[in-house]
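Comments concern the structure below.
Every number in this text was worked out from the coordinates using simple rules, so none of it is lab data. Quick caveat: nothing in here was measured; it's all calculated off a predicted structure. Cβ placement follows ideal geometry from the backbone for every residue including glycine, while neighbour counts extend to all protein chains displayed.
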Amino acid sequence: MLKTEKGLVRQSPRGLRFDYLLKTENAQGCKFYKTQCDHCNIPDIGRGTPPQENIMGLVRAIASIDVNDLRMIKQADLYCTGNVLDKDEVGNNTFEVATRLFISVFSNLSHIGVDTRPEIALTETGTERLLEIKGHHYVEPIIGYETHNDHLRTSKNGLHKTITREHMEAIFRLVRDCGLGLQVNVMLMPVPTMELREAVEEAINTITYLAKMSERFRRTEPQPVLINLHPLYVTQKMVAKWGEEILRRPLPGDAEIDEVVARCKDILPIFVGRYDEGLGIRKAYTDD
Ligand code: SF4
């Protein structure tokens with residue numbers, strides 16, 4: 001893994017991939033954080049960032065990429081400490097400059113991913129923003145569905161997100177009808193109170209469901225969903241939520257990741273992301 005200033009260049013099933021974390025320009029931080037996702041430390045990484053500073057951070061990250069890698073990058077993704085499709089969090093100018101930069105600098109780019117939630121992507125303004133950059137590149141929302149287990153995904157004892165199965169159906173329909181791509185984040189161990197075996201089977205169950213949805217909403221042009229498989233890392237807020245006990249529990253490592261990839265790689269392409277945004281307080285796996 002090559003780490004540039006706040007950007008990452010890594011290998012993925014589509015070739016080299018560049019991921020960049022924008023900061024939310026909304027002074028209140030991520031809108032969902034006030035009522036949901038109470039385990040998430042990401043909104044604490046800067047809020048109310050001025051647009052100019054946000055853009056300059058991206059410019060510096062791109063400038064630090066090895067010149068040979070620039071031509072090899074096939075996929076560029078915008079993440080945010082909030083949501084990329086939310087106009088209060090990433091202003092119109094920042095979004096336009098960022099996506100234009102990607103298109104002009106990465107000469108072999110085929111995919112542009114934007115981190116969002118169905119609750120935003122499915123609104124008129126969210127969809128409009130996705131379609132703004134649709135051209136000869138596949139534009140794709142990146143959705144943090146994380147687990148097909150409704151209780152783990154939505155309950156207060158779980159991830160506490162309001163993303164429903166109906167949202168996912170609507171997202172699959174949207175990407176089919178608009179000719180977009182799709183990335184879905186899957187957590188290998190959505191909550192730190194799970195057993196390793198349970199976590200592996202749950203990740204496989206989630207990927208199997210996404211493969212079925214991908215088949216059900218298949219386009220004439222084959223454009224399979226890309227799975228972003230993320231093993232859990234423990235953050236300070238998780239300890240506050242689930243207690244210090246979780247620091248002593250086993251976390252998924254290479255063996256669990258390898259098993260999920262081996263059992264699912266023939267049904268959907270899988271990118272394994274092992275990056276903790278510097279927020280992990282205990283590492284049971286090492287970044288490569
Ligand atoms: S998981 Fe995403 S939507 Fe939820 S608080 Fe964190 S950044 Fe916001």
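Tabulated data
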{"quantity": "Thr123 within 16 Å of the ligand (Cβ to nearest atom) and without any contact (Cβ under 8 Å) to a residue 12 or more places away in the chain", "calculated": "yes"}
{"quantity": "Scan of the range 169-201 for residues that are under 20 Å from Lys31 (Cβ atoms) and either among the aliphatic types (A, V, I, L, M) or away from the ligand (no atom under 16 Å from the Cβ) (or both), ordered by number", "calculated": "Ala170, Ile171"}
{"quantity": "Residue check for Leu251: in a loop (DSSP other than H, G, I, E, B), closer than 15 Å to Ile42 by Cβ and in contact (Cβ under 8 Å) with a residue 60 or more places away in the chain", "calculated": "no"}
{"quantity": "All positions within the range 159-205 that are surrounded by 17 or more Cβ atoms within 10 Å (Cβ to Cβ), within 10 Å of Tyr145 (Cα to Cα) and over 16 Å from the mean Cα position of the chain (by Cα)", "calculated": "His167"}
{"quantity": "Qualifying strands (runs of 3 or more DSSP E) (wholly inside the range 1-83; at least 2 residues being within 16 Å of the ligand (Cβ to nearest atom))", "calculated": "15-22, 73-80"}
{"quantity": "Residue within the range 206-219 that is loosely packed, with under 14 Cβ neighbours inside 10 Å and small (Gly, Ala, Ser) present", "calculated": "no"}
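Residue by residue, here is whether (1) under 15 Å from the mean Cα position of the chain (by Cα); (2) surrounded by fewer than 18 Cβ atoms within 10 Å (Cβ to Cβ) holds:
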| site | (1), (2) |
| --- | --- |
| Ala61 | no, no |
| Ile65 | no, no |
| Cys80 | yes, no |
| Ala98 | no, no |
| Gly113 | yes, no |
| Arg117 | yes, no |
| Ala121 | yes, no |
| Gly144 | yes, no |
| Lys156 | no, yes |
